[in-house]
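Have a look at the structure below before the remarks.
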Amino acid sequence: MKRTALTPPGRIAWLRLARTRGVGPVTFNELIKRYKTAEAALDALPDLAKRGGRATALKPASREEAEAELDWLDRIGARLLCACEPEFPDSLALTDPPPPVITTLGPLELESRVTCAMVGARSASGVGLRFAGTLARELGERGVIVVSGLARGIDGAAHAGSLETGTVAVLAGGLTSIYPPEHRDLHAAIAETGLLVSESPPGYTPQARDFPRRNRLISGLSIGVVVVEAAERSGSLITARYALEQGREVMAVPGSPLDPRAKGTNRLLRDGAALIETAEDVIAVLEGARRGAMSEPAGGGYEDDPEYGEAIDRAADDVRERVAALLSPSPISRDELVRLSGAPAPIVMAALVELELAGRCEIDPGGMVRLAV
């Protein structure tokens, strides 16, 4: 996404588009590719949703709602950062697609700082909690900013260990939505000395589906991810998967084969994750990652496709229901939909955008699509 400063009206339009129901990160990115500006995309939304089969008119988020959010952020000393703006974190801007907007609260600046995520089990062992706190403190003393999700267990220990040196808490809810409740003091301390980051609107209470999106931001803000303890089916492994997709380093702390909380980390090690025992191990991995600079995602090149434009509407009409028929409550990759439908990727994406705007499907930022529930 091209970096450019937005005018005040442009920021309002960008925020309205981002807060419109049914416009996820993938659809937002596709709309900006196609219509170039948020204002033009907003104008196109009702017709696109109708084409996708929406029974009632799609109403974009209002100007008044966007202005009220900006006023609220200003009152609490928070900031809104749009994905196209120069101030948006570089590492997060390189994710494909980036979150359209994030809100931040706290004095910590991420520019030119090395960031490393640390995640793990909520029901962590005492040894795991002590190790995570010590590792976070030692990384902080070496100039590394520790990123985590403010959850119980390893996340909380990582934040507490790096509080004095700088820590970033990525929230699944809004900036002032405190979860779990027992982390109220930690939340306040991070707002004073570190940085709170959210993709959600103010006051939003997170639901189960919001935590994977939070995990994607945790890895996206970081050069690498350290998993301290994780069971076989763990949200921490979702963060590790996102890290691999984003080209980040994945590191894991080994554990006892008798402890179910080590099953996930030991599997990561078998699959090639870097083994971590000390802060020096992490530093060595991060230094190697910094030497191999992250690059812009390749993308689909849809903007330059000669078919991309008005003609794509007619082509999408021919494949929309064919694509919809391939969807189920179980996720399927966009690449697989292209293969099964036999249609070009830009046409399939145009159809999926219309279906999501119509409320008929959900497009995950990681590339999976499912029927809307």
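Odds and ends about this structure:
- Selection within the range 189-203 - open to solvent by 50 Å² or more (accessible area, probe 1.4 Å) and modelled with pLDDT of 95 or more: GLU192, THR193
- Residue selected from the range 327-365 under the condition among the acidic types (Asp, Glu) and touching an Asp or Glu at 6+ places or on another chain (Cβ under 7 Å), by the criterion nearest to LYS50 (Cα to Cα): GLU356
- The range 352-363, subset outside any helix (DSSP H, G or I) and among the hydrophobic types (A, V, I, L, M, F, W, C), residue nearest to ARG21 (Cα to Cα): ALA358
Residue by residue, here is whether (1) open to solvent by 10 Å² or more (accessible area, probe 1.4 Å); (2) of a type in the set (A, V, I, L, M); (3) in contact with a Gly (Cβ under 7 Å, 6 or more places away or on another chain) holds:
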{"position": "CYS82", "(1), (2), (3)": "no, no, no"}
{"position": "PRO99", "(1), (2), (3)": "no, no, no"}
{"position": "GLU111", "(1), (2), (3)": "yes, no, no"}
{"position": "MET118", "(1), (2), (3)": "no, yes, no"}
{"position": "ARG137", "(1), (2), (3)": "yes, no, yes"}
{"position": "THR176", "(1), (2), (3)": "yes, no, yes"}
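- Residue within the range 336-351 that is in a helix (DSSP H, G or I), modelled with pLDDT under 85 and open to solvent by less than 40 Å² (accessible area, probe 1.4 Å) present: no
- Close pairs from the range 227-249: first in a helix (DSSP H, G or I), partner modelled with pLDDT under 95 and of a type in the set (D, E, K, R), Cβ under 9 Å, at least 6 apart: GLU245/ASP96
The values are calculated or read from the model by the stated rules, or taken from the named source; none is laboratory data. This structure is a prediction, so every number in the text was calculated from the model and none was measured. Using ideal geometry, Cβ is built from the backbone for each residue, glycine included, and neighbour counts are taken over all protein chains shown. Remember, those area values only see protein heavy atoms, side chains included, never the ligands or the DNA or RNA. Shrake-Rupley method; radii C 1.70, N 1.55, O 1.52, S 1.80 Å.
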